[in-house]
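Each remark here refers to the structure printed beneath this line.
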Amino acid sequence: MDPAEDARRARWTAAGAGVLLALAGLAASTLRLAGSAPALVPAAYAFGAAVCALASVLGSRGRTRRALWLLIVGVMVMALGDQFD
């Protein structure tokens, strides 16, 4: 396996996962905002989505390790916000 190909695959994976999780967070934020959830819940989803979007940008630039940790933090923020519902 070529190391350059591995790096390219890692960048695409980090960027794709970040975009997917950011879109899921924005969709959840929109659904929670339309419902009767407390204001903290959609804000947590939106903030987690923003963190995942930042992770996507970092991942596309080759900072895959930092992107992975930001993806974990973003999902944890979304999960924590869901606990207040």
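The numbers here are math on the coordinates, done by the rules we state, and not lab data. Every value quoted in this text rests on a predicted model; they were computed, and no experiment measured them. FYI the Cβ positions are ideal-geometry reconstructions off the backbone, even for glycines, and counts take in every protein chain you see.
Numbers at a glance
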{"read-out": "Option label - Cα Rg over 2.2 N^0.38 Å computed here, alternatives (i) 1.02; (ii) 1.59; (iii) 1.20", "value": "(iii)"}
{"read-out": "Dipole-positive endmost among A43, A22, A55 within the stretch 3-82 (Cβ charges, Cα centre)", "value": "A55"}
{"read-out": "Relative contact order %, the chain, counting alpha carbon pairs below 8 Å whose residues are six or more apart", "value": "37 percent"}
{"read-out": "Dipole magnitude of the stretch 3-82 about its Cα centre (Cβ charges: Lys, Arg +1; Asp, Glu -1), debye to nearest 20", "value": "280 debye"}
{"read-out": "Per-residue [θ]222 nm for the chain (sum of -39500 (n - 2.57) over DSSP H runs n ≥ 4, rounded to 500)", "value": "-30000 deg cm²/dmol"}
{"read-out": "Calculated FRET value between R8 and V73, using beta carbons and R₀ = 25 Å, to 0.05", "value": "0.50"}
{"read-out": "Per-residue HN-Hα couplings for the stretch 3-20 [Karplus 6.51, -1.76, 1.60; θ = phi - 60°; Hz; x = Gly/Pro]", "value": "x, 5, 5, 4, 5, 5, 5, 5, 5, 5, 5, 5, 5, x, 5, x, 5, 4"}
{"read-out": "Angle in degrees between helix 64-82 and the longest Cα principal axis of the chain, rounded to the nearest 10", "value": "10 degrees"}
{"read-out": "Full-extension gain in nm, R63 to D85, via 0.36 nm per residue minus C-alpha separation", "value": "4.5 nm"}
{"read-out": "Coil-residue trypsin sites (Lys or Arg not before Pro) of the chain, DSSP, other Cβ within 10 Å capped at 14", "value": "R61"}
